[in-house]
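Contents: one structure, followed by commentary.
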Amino acid sequence: MNVFRRLTRRPSLELDDIQATVLRARPEPYFGTHAILEITDPGGGRELLRRLAPLVPSAAHWDEPRASWLALALSYHGLEALGVPEGTLASFPANFRAGMAARAERLRDTGPNAPANWEFPFGTPHVHVAVTIFADSETAWRNEVAAYERQLHDLAGVRLLSHQDFGATGFNVFGYRDGFSQPVVEGSGAERLPGGGRPVKAGEFVLGYPSETGQALPAPGPDVLGRNGTYVVFRKYHSHVAAFNRFLHDNARTEAERELLAAKLVGRWRSGAPLALAPEADNPALGEDSRQINNFGYRDDPRGLRTPLGSHIRRMNPRDGKLEVLSDVNIRRIIRRSTSYGQPLPATDLRDDRESRGLDFIALGARAIDNVEFLQSEWVNSGNFTGLGKEKDPLISLQDKGAYFTVPGSPPRRIQNIQSFNTLLGGEYFFMPSLSAINWLSR
Amino acid sequence: MSEQNPQVRFQNLPATVRDRVNEAMSDAKVVFKVKVGELLVNRKETAEHAVTGAGRIGAKSGEISELTLIAELKPGGAERLRRFFKLIDGNLAGAGQVGTLHNMRFVFLDNDTKLLFATAYDGEWDPYIDDFATKIPEMMDYIFSNMEGWPGITSPEVKEYIVTRQVPAEAWYVSQPHLTVAEESRLLRQDVTLQRFLTELN
Ligand code: HEM
């Protein structure tokens, strides 16, 4: 599928100051790397920013394909390590300053997902700078990584903590097409695709512009630092694909039944075709068609007979569906830049091969931190908002003993013993500065 | 057991419980001490009603939290609010749309200089303030702008405003701690269906 939207209006945002990743879709297939760095000396940190700045492209011409690009973001500890003045540090929101690990209770990151079980370096005060490289070919990826490593090579005061490669075709390790549903950012010039919802105010995604409240959301100061920046939530998951496959086998007899159950859990067939438009059988052509893939709502399916109320995509973006709790779905949208790593496991494999595979969930937005905290507590690990009591998201929640998933119907089917299919390996909150803010921070 | 002499029942409680009760409420009648002591021993009943935190501030039992706010009124604020409450006969039915409010009350204190707002609600209030700011800003601002220092519902200061005026409860009890408003509605709908079925059956 062509994941690039067309530019159909004149952009009104300051695209040449916003980082490319904010508006640029990842290519298909994609290749890349996430690196995490520690700043051990403020001068070295500033030098790092000076050297990497030329590698970070802007969002100008975000609609045109590009072979590779780099994105850069800083944690609160990173800003401290750079020697950013006290007043500026204090102007950041409390949850960003606390960091993801300290927010575990709010995020419902307990048990196996608790920070005590995370991989290094996540959750430690050493995580300072996140660098992500996206590329549309293996060669472009290798070249971009080499260019970035050359800048790092002889630099004192900066230490590489982790280097994780990723890459996929557009399908995640469970075999689902993933990452194509995105909000339309007002002022980006992006064309509206059928069913994608109205454009959402730019200030929901980029600091310094009016948000859905009519005013700009709070931004760190001075203006040169906050404006055109945004927040990033990074969460690395390990996916238990064999357990997922076993769950399908235990609860459905034929392949057709298994694929229907797989679609009921997510709200889409693996092809990307939505249940809302293809309720009985997969229609792969819908999954290939960027004008049809999101051309639906839930208003005409109040009981979830086609798309279950508890399915992953209906929870994560309830669209026009009626909810039990007063909620504004337009302030809960996030830009997703998630990346898959490791080899997918075929649906027929029921034995865990102990390979490392999963998803680096990445959310961007002016409210990204508030929103992922909200999503985790209200829409992922609870069902109350949609009248499902304690039932949780079938794909990404931490399931309790005796958990179940309800497939609405006459009669409804309650599938017992659903497990957690993704375990959190770690995560961080970052601030993604504008190009002029990178420059400001490097001085 | 309950027929027994309260002195004997008290002596039958574990020594640690007796000591804790004696220390905290030495001046209570033994009949009441026995009740409290036996409650402390009955882990199952107390666990069901365990009091936890409602996020940033306030107490929570099961799914249900409490919020008590005491704020200074602006001059004329009480009068303006009274006129509004009178217009609607003190009936806040519209609050049903929020979907998490079990109850709420507005009480004027200290010669109309302060307002007490108290509510029992599902979950934590903090995450939903943002939704109030875009879904029902006019209503929120109409009521709360009668208070001194109200920053406006869309202001980044609004959560701080509430936190600093919220008086957390020291004790909190909910009869059905796991019945959220949404669950109550679902059970009521189910009951209507069940009653109809029973009626038709006969
Ligand atoms: C390993 C973890 C995850 C997997 C395998 C996964 C899988 C998927 C898939 C297959 C889709 C449909 C593709 C699309 O619409 O682009 C999707 C959509 C989505 N997911 Fe996830 N997801 C994961 C984690 C998360 C997390 C942690 C969140 C948020 C807290 C999230 C939020 C969303 C949202 C907002 C959508 C778009 C829904 C829409 O606009 O209709 N996902 N996910």
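The values are calculated or read from the model by the stated rules, or taken from the named source; none is laboratory data. In this text the structure is predicted, and so the values were computed from the model without any measurement. All Cβ positions, glycine included, derive from the backbone under ideal geometry; neighbour counts span all protein chains shown. Just the protein is used for accessible areas: all its heavy atoms, side chains included, with ligands, DNA and RNA removed. Shrake-Rupley method; radii C 1.70, N 1.55, O 1.52, S 1.80 Å.
So which residues in the stretch A:97-116 are free of Cβ contacts under 8 Å to residues at least 60 places away in the same chain, open to solvent by 60 Å² or more (accessible area, probe 1.4 Å) and not acidic (Asp, Glu), if there are any at all?
A:Arg97, A:Ala102, A:Ala116
So, in the stretch A:78-94, exactly how many residues are surrounded by fewer than 19 Cβ atoms within 10 Å (Cβ to Cβ), part of a helix (DSSP H, G or I) and in contact (Cβ under 8 Å) with a residue 12 or more places away in the chain?
3
Quick one: which of A:Arg270, A:Arg258 is away from the ligand (no atom under 14 Å from the Cβ), charged (D, E, K, R) and within 24 Å of A:Pro408 (Cβ to Cβ)? Talk me through it step by step, then tell me what you get.
Values: A:Arg270 fails: away from the ligand (no atom under 14 Å from the Cβ).
Being away from the ligand (no atom under 14 Å from the Cβ), charged (D, E, K, R) and within 24 Å of A:Pro408 (Cβ to Cβ) holds for just one of A:Arg270, A:Arg258, which is A:Arg258.
Please enumerate the residues belonging to the stretch A:361-377 that are among the charged types (D, E, K, R) and within 10 Å of the ligand (Cβ to nearest atom). Give the derivation first.
Going through the stretch A:361-377, the residues among the charged types (D, E, K, R) turn out to be A:367, A:370, A:373.
Across the stretch A:361-377, the qualifying residue is only A:Glu373.
From the residues in the stretch A:199-229 that are away from chain B (no Cβ under 12 Å) and within 16 Å of the ligand (Cβ to nearest atom), which one is nearest to the chain's Cα centre (by Cα)?
Filtering the stretch A:199-229 for residues that are away from chain B (no Cβ under 12 Å) and within 16 Å of the ligand (Cβ to nearest atom), the one nearest to the chain's Cα centre (by Cα) comes out as A:Phe205.
Residue by residue, here is whether (1) charged (D, E, K, R); (2) within 22 Å of A:Asp328 (Cα to Cα); (3) open to solvent by less than 30 Å² (accessible area, probe 1.4 Å) holds:
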| site | (1), (2), (3) |
| --- | --- |
| B:Leu81 | no, no, yes |
| B:Asn91 | no, no, no |
| B:Leu109 | no, no, no |
| B:Asp112 | yes, no, no |
| B:Leu116 | no, no, no |
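Those residues that are surrounded by fewer than 18 Cβ atoms within 10 Å (Cβ to Cβ) and more than 14 Å from the ligand (Cβ to nearest atom), I need them from the stretch A:290-330; list them, please.
A:Arg291, A:Arg299, A:Asp300, A:Pro302, A:Arg303, A:Leu305, A:Lys322, A:Leu323, A:Asp328
In the set A:Ser397, A:Ser410, A:Ser436, which member is of a type in the set (Gly, Ala, Ser), open to solvent by 30 Å² or more (accessible area, probe 1.4 Å) and assigned to a loop (DSSP other than H, G, I, E, B)? So that I can check it myself, show each step before the final result.
Numbers: A:Ser397 fails: open to solvent by 30 Å² or more (accessible area, probe 1.4 Å); A:Ser436 fails: assigned to a loop (DSSP other than H, G, I, E, B).
Every option except A:Ser410 fails the conditions.
Within the group B:Tyr142, B:Tyr128, B:Tyr121, which residue is in a helix (DSSP H, G or I) and under 22 Å from B:Phe84 (Cβ atoms)?
Numbers: B:Tyr128 fails: under 22 Å from B:Phe84 (Cβ atoms); B:Tyr121 fails: in a helix (DSSP H, G or I).
Exactly one residue qualifies, and that residue is B:Tyr142.
Do the conditions hold for A:Thr124, that is, is it in a helix (DSSP H, G or I), among the polar types (S, T, N, Q), open to solvent by 30 Å² or more (accessible area, probe 1.4 Å) and closer than 21 Å to A:Ala35 by Cβ? Break it down stepwise before answering.
Working: in a helix (DSSP H, G or I): no; among the polar types (S, T, N, Q): yes; open to solvent by 30 Å² or more (accessible area, probe 1.4 Å): yes; closer than 21 Å to A:Ala35 by Cβ: yes.
It is false that A:Thr124 is in a helix (DSSP H, G or I), among the polar types (S, T, N, Q), open to solvent by 30 Å² or more (accessible area, probe 1.4 Å) and closer than 21 Å to A:Ala35 by Cβ.
Residue check: is B:Asp122 within 14 Å of chain A (Cβ to nearest Cβ), in contact (Cβ under 8 Å) with a residue 60 or more places away in the chain and in contact with a Ser or Thr (Cβ under 6 Å, 6 or more places away or on another chain)? Please lay out each step first, then the result.
On the way: within 14 Å of chain A (Cβ to nearest Cβ): yes; in contact (Cβ under 8 Å) with a residue 60 or more places away in the chain: yes; in contact with a Ser or Thr (Cβ under 6 Å, 6 or more places away or on another chain): yes.
Against the criterion (within 14 Å of chain A (Cβ to nearest Cβ), in contact (Cβ under 8 Å) with a residue 60 or more places away in the chain and in contact with a Ser or Thr (Cβ under 6 Å, 6 or more places away or on another chain)), B:Asp122 qualifies.
Among the residues of the stretch A:10-40, write down those that are touching a strand residue (DSSP E or B) at 6+ places or on another chain (Cβ under 8 Å) and either among the acidic types (Asp, Glu) or in a loop (DSSP other than H, G, I, E, B) (or both).
Applying the first criterion (touching a strand residue (DSSP E or B) at 6+ places or on another chain (Cβ under 8 Å)) to the stretch A:10-40 yields A:13, A:15-24, A:26-27, A:29-40.
A:Leu13, A:Leu15, A:Asp16, A:Asp17, A:Ile18, A:Arg24, A:Arg26, A:Pro27, A:Pro29, A:Glu38, A:Thr40, listed by residue number.
Applying the selection to the stretch B:125-150, what residues are among the hydroxyl-bearing types (Ser, Thr, Tyr), within 14 Å of chain A (Cβ to nearest Cβ) and more than 21 Å from B:Gly58 (Cα to Cα)? Explain how you work it out, then say what you get.
Start the filter on the stretch B:125-150 by keeping residues that are among the hydroxyl-bearing types (Ser, Thr, Tyr), which leaves B:128, B:134, B:142, B:145.
Within this subset, residues satisfying the condition of being within 14 Å of chain A (Cβ to nearest Cβ) are B:128, B:134.
Correct list: B:Thr134 only.
Among (1) away from the ligand (no atom under 14 Å from the Cβ); (2) buried (at least 21 other Cβ atoms within 10 Å of the Cβ); (3) among the aliphatic types (A, V, I, L, M); (4) at pLDDT 95 or above, there is one condition A:Val233 misses while meeting the rest; what is its number?
Of the numbered conditions (1) away from the ligand (no atom under 14 Å from the Cβ); (2) buried (at least 21 other Cβ atoms within 10 Å of the Cβ); (3) among the aliphatic types (A, V, I, L, M); (4) at pLDDT 95 or above, the odd one out for A:Val233 is (1).
Quick one: which residue in A:Gly267, A:Gly272, A:Gly342 is open to solvent by 20 Å² or more (accessible area, probe 1.4 Å), more than 14 Å from every other protein chain (Cβ to nearest Cβ), at positive phi and not acidic (Asp, Glu)?
Working: A:Gly267 fails: open to solvent by 20 Å² or more (accessible area, probe 1.4 Å); A:Gly272 fails: open to solvent by 20 Å² or more (accessible area, probe 1.4 Å).
So the residue among A:Gly267, A:Gly272, A:Gly342 that is open to solvent by 20 Å² or more (accessible area, probe 1.4 Å), more than 14 Å from every other protein chain (Cβ to nearest Cβ), at positive phi and not acidic (Asp, Glu) is A:Gly342.
Name the pairs whose Cβ atoms lie under 6 Å apart, with the first residue in the stretch A:370-384 and closer than 14 Å to A:Ser311 by Cα, the second open to solvent by less than 10 Å² (accessible area, probe 1.4 Å) and within 10 Å of the ligand (Cβ to nearest atom), and 6 or more positions between them or separate chains?
Cβ pairs passing all conditions: A:Trp379/A:Arg315; A:Val380/A:Asp393; A:Val380/A:Ser397; A:Asn381/A:Ser397.
Which is touching a helix residue (DSSP H, G or I) at 6+ places or on another chain (Cβ under 8 Å), away from chain A (no Cβ under 14 Å) and surrounded by 11 or more Cβ atoms within 10 Å (Cβ to Cβ), of B:Ala71, B:Ala59?
B:Ala71
Residue under question is B:Pro177, and the condition is that it be more than 19 Å from the chain's Cα centre (by Cα), within 14 Å of chain A (Cβ to nearest Cβ) and either in a helix (DSSP H, G or I) or not polar (S, T, N, Q) (or both); does it hold? Before you say what the answer is, go through the steps one by one.
On the way: more than 19 Å from the chain's Cα centre (by Cα): no; within 14 Å of chain A (Cβ to nearest Cβ): yes; either in a helix (DSSP H, G or I) or not polar (S, T, N, Q) (or both): yes.
It is false that B:Pro177 is more than 19 Å from the chain's Cα centre (by Cα), within 14 Å of chain A (Cβ to nearest Cβ) and either in a helix (DSSP H, G or I) or not polar (S, T, N, Q) (or both).
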